[in-house]
Amino acid sequence: MPDNLWQTMILSGELGRHPVQFFTSTGSTNDLALILSNTGAPDGTLIVADNQTAGRGRLAGRIWLSPPGTGLYFSLILRPRLSPEDFPKLTLAAGLALCKALEGHSHCQPGLKWPNDIFLHGKKCGGILTETQAVSGAGQTAVVIGIGLNVNIPAEAFTGELRSKATSLLAETGIPHDRGPLLAAILAELDLAVARLEQGDFPAILTEWRQRDIHAGHQVSWGNTQGKIITGISLGPDDEGFLHIRDNQGRIHSVISGDISLAQE
Ligand code: BTN
């Protein structure tokens, strides 16, 4: 079955309200989006690739596996009515948007791992990379939300250490998913989430985020900036979106960034 919406998006250069720049193959859609955001690309511009040769993860040196024909790899350029200090909240809002789109479109129950991971049945199937570049001049600062989602990647394609850690919608639901309608559903939820943030609705977004938090109440480990490993109970994101961990001495740590893993992993 042809994915008509995907083809129409490529040919027309738009998807709903979003101008689309489509690439059969590129290094990283975030890299392109960051350049375009500095050269006046309008709010809502979407950079989509069928394949990335240098897809980047959030943590230094992490790559995002981006084989052609099977995944969603895209970056959304936004000029939100938010202060740049609030941009990290966009990552949590985008994670919730991704979950809601998957729940509505694919009838699955994804979970969220702070700050930017989407999980299905204990394995990662999607990730978010929010980036911005300071530019001089007037106007809203642009921010890029990059999303990678493993859609139709067969389970066998995850080899080595990825086998126990990564999955796809196809591997978990047993059915292939058209990328066009799925992307449209994600964009609709992303637009809603950004509008909610602009209206000051972050507390309600957090409430919904916490309902999907896969680590809340579990023992987790986190490497702090001094390289020390802290183990404790994840209390979930606080009202600013930072992760709170209560260590075994009862001290509360506020985590701004880093990689969190279940303590027994
Ligand atoms: C992570 O899990 O660490 C974030 C992964 C983000 C991957 C997406 S794919 C589209 C966009 N372009 C990139 O180079 N990265 C993001």
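The values are calculated or read from the model by the stated rules, or taken from the named source; none is laboratory data. All values derive from a computational prediction rather than experimental measurement. Here the Cβ is made from the backbone with ideal geometry for all residues, glycine too, and neighbour counts use every protein chain on show. For accessibility, only protein heavy atoms count, side chains too; no ligands or nucleic acids. Shrake-Rupley method; radii C 1.70, N 1.55, O 1.52, S 1.80 Å.
Can you tell me how many residues within segment 44-65 are farther than 23 Å from residue 258 by Cα and either surrounded by fewer than 17 Cβ atoms within 10 Å (Cβ to Cβ) or within 8 Å of the ligand (Cβ to nearest atom) (or both)?
Going through segment 44-65 one residue at a time, the tally reaches 4.
Out of everything in segment 14-40 that is modelled with pLDDT under 95 and not hydroxyl-bearing (Ser, Thr, Tyr), what residue ends up being farthest from the ligand (Cβ to nearest atom)?
Restricting to residues being modelled with pLDDT under 95 and not hydroxyl-bearing (Ser, Thr, Tyr), the top hit is 40.
Going by the structure shown, is residue 54 more than 20 Å from residue 170 (Cβ to Cβ) and assigned to a helix (DSSP H, G or I)?
Values: more than 20 Å from residue 170 (Cβ to Cβ): yes; assigned to a helix (DSSP H, G or I): no.
No, not satisfied.
Check whether at least one residue in segment 75-88 is at pLDDT below 95 and either near the ligand (Cβ under 8 Å from one of its atoms) or of a type in the set (Phe, Trp, Tyr) (or both), and report yes or no.
Yes, segment 75-88 has at least one match.
Can you give me the ranges of the strands (runs of 3 or more DSSP E) entirely in segment 66-156 with at least 3 residues that are among the aromatic types (Phe, Trp, Tyr) and open to solvent by less than 20 Å² (accessible area, probe 1.4 Å)?
none
Please count how many residues of segment 23-40 are open to solvent by 10 Å² or more (accessible area, probe 1.4 Å) and assigned to a loop (DSSP other than H, G, I, E, B).
Of the residues in that region, 6 qualify.
Identify the single condition in (1) under 19 Å from the mean Cα position of the chain (by Cα); (2) open to solvent by 70 Å² or more (accessible area, probe 1.4 Å); (3) in contact (Cβ under 8 Å) with a residue 60 or more places away in the chain that residue 166 does not satisfy, given that it satisfies every other one.
Looking at each condition in turn, residue 166 falls short on (2).
Determine, yes or no, whether residue 102 is among the aliphatic types (A, V, I, L, M), touching a residue at least 60 places away in the same chain (Cβ under 8 Å) and either under 24 Å from residue 22 (Cα atoms) or away from the ligand (no atom under 11 Å from the Cβ) (or both).
Considered against the rule, which asks whether it is among the aliphatic types (A, V, I, L, M), touching a residue at least 60 places away in the same chain (Cβ under 8 Å) and either under 24 Å from residue 22 (Cα atoms) or away from the ligand (no atom under 11 Å from the Cβ) (or both), residue 102 comes out as yes.
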